[in-house]
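The values are calculated or read from the model by the stated rules, or taken from the named source; none is laboratory data. Note that the structure is predicted; figures quoted are calculated from it, not measured. Cβ: placed from backbone, ideal geometry, glycine included. Neighbour counts: every protein chain shown.
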Amino acid sequence: MNDRSHTTAPRIAFVRARWHASIVDRAYDGFVDEIGADGHVDVYDVPGALEIPLHVKTLAQAGQHDAIVGCALVVDGGIYRHEFVAAAVLDGLMSVQLSTHVPVFSLVLTPHAFHETEEHHRFFAEHFVGKGREVAQACLATLAARRELIAG
């Protein structure tokens, strides 16, 4: 764990894709609401999901954050590509986590069916709020568990 592991409020990076920003930003809202005073969150924007792993790796190697979250909505745009994109991003995030020892969390979601309708936008925006809260809880729990491991 980096030097920041002994601070009471962890510093967390939140890397979010700008595709479907109105939905992705709702995950950030839920994340920040759940973290509250228990952490400091720095937000970083990237164009799309494929740009997330490199940005996360750069942040992890800089050593300024106790944990990093990658967030995107990867949808089926009419070609069978979305599942490959999501898998590549998740593989990249896992690789960063294992090679840098900085916890990395994925909020990169690929819905089974997403359509550019008001109903789907509303549904997935609310869904992302809940997922943001869940990732915040997992992040805080993981950091606490790591502190216990290190403390011995």
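Brief remarks follow.
- Here Val43, Val69, Val102 are screened, and the one residue that is surrounded by fewer than 20 Cβ atoms within 10 Å (Cβ to Cβ), modelled with pLDDT of 95 or more and touching a helix residue (DSSP H, G or I) at 6+ places or on another chain (Cβ under 8 Å) is Val43.
- For the criterion of being within 25 Å of Ala145 (Cβ to Cβ), in contact with a strand residue (DSSP E or B) (Cβ under 7 Å, 6 or more places away or on another chain) and in a helix (DSSP H, G or I), Val96 passes.
- Qualifying residue in the range 75-90 (condition: modelled with pLDDT under 95 and closer than 21 Å to Asp29 by Cβ): yes
- Top-ranked residue of the range 1-24 - restricted to ones that are part of a helix (DSSP H, G or I) and touching a strand residue (DSSP E or B) at 6+ places or on another chain (Cβ under 7 Å), ranked as modelled with the highest pLDDT: Val24
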